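What follows is a short report on a single structure.
The values are calculated or read from the model by the stated rules, or taken from the named source; none is laboratory data. All values derive from a computational prediction rather than experimental measurement. Using ideal geometry, Cβ is built from the backbone for each residue, glycine included, and neighbour counts are taken over all protein chains shown. Accessible surface is based on the protein model in full, side chains and every heavy atom, while ligands, DNA and RNA are left aside. Shrake-Rupley method; radii C 1.70, N 1.55, O 1.52, S 1.80 Å.
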Amino acid sequence: MRARVPVMEIMTRTPVTVSPDETVDKAAAIMRARDIGSLFVVESGQPTGIVTERDIVTKVAAPNVQPRALRVRDIMSVPVVSIHPHAEVVEAARVMSDRKIRRLAVVDGGKLVGVITENDILRIWPHLVEITREYARAGLDEDLRGIEGHCEACGIYSTNLVLDKKLLVCPDCRGG
């Protein structure tokens with residue numbers, strides 16, 4: 001029997017955010033000052049994207065673009081992969097493993113209420129992240145259901161996303 005720990009018990013309740021209109025150099029300065037690897041991009045309280053160190057390296061540094069010449073909206077990753085605060089930490093680890101990401105927005109009613117990272121999970125279950133990766137590689141992972149966020153097919157917000165053909169989709173886009 002496994003322990004049932006909701007995401008809200010280990011998430012960071014004050015994720016660092018940035019406006020999509022902020023310049024990339026200022027976003028990078030915030031990340032450096034706060035010693036973090038990503039910022040959630042928020043408009044009207046809703047997460048619309050995430051900008052990560054990888055986004056800056058691959059979309060700004062590698063092509064040698066001036067960071068002050070770009071806005072966060074130009075390089076952010078979309079859609080934001082999210083989970084509900086009452087979902088189990090095991091489910092968060094499974095989503096991260098399947099999507100090959102290290103952080104999830106925690107969203108309730110369309111509003112960003114926190115962030116959960118691989119490091120948060122590793123602090124309470126050191127082997128959980130690796131176990132979920134192995135299960136995914138072996139094809140043993142369970143269906144992902146009931147995830148809250150934006151559909152990766154149509155972009156509509158849903159509280160019932162399901163993993164379908166490696167995309168998180170709403171009920172209307174399933175099987176498409």
message: Just to verify a number: FRET efficiency for E88 and V57, C-beta to C-beta distance, R0 = 41 Å, to 0.05?
response: 0.80
query: Can you tell which of A33, S19, P6 lies farthest toward the positive end of the dipole of segment 1-44, using +1 and -1 charges on the Cβ of basic and acidic side chains (Lys, Arg; Asp, Glu)?
result: P6
query: On full extension of the chain, what length is gained from E43 through K100, given 0.36 nm per residue of separation minus the C-alpha to C-alpha distance?
result: 18.0 nm
message: Using a 1.4 Å probe on the protein heavy atoms, what percent of the accessible area of segment 18-96 belongs to carbon and sulfur?
response: 48
query: Hey, what do the phi angles of segment 113-120 turn into as Karplus ³J(HN,Hα) couplings, whole Hz, using 6.51/-1.76/1.60 and θ = phi - 60°, x for Gly and Pro?
result: 10, x, 9, 10, 10, 4, 4, 4
For segment 24-112: accessible area per residue (Å², 1.4 Å): 49
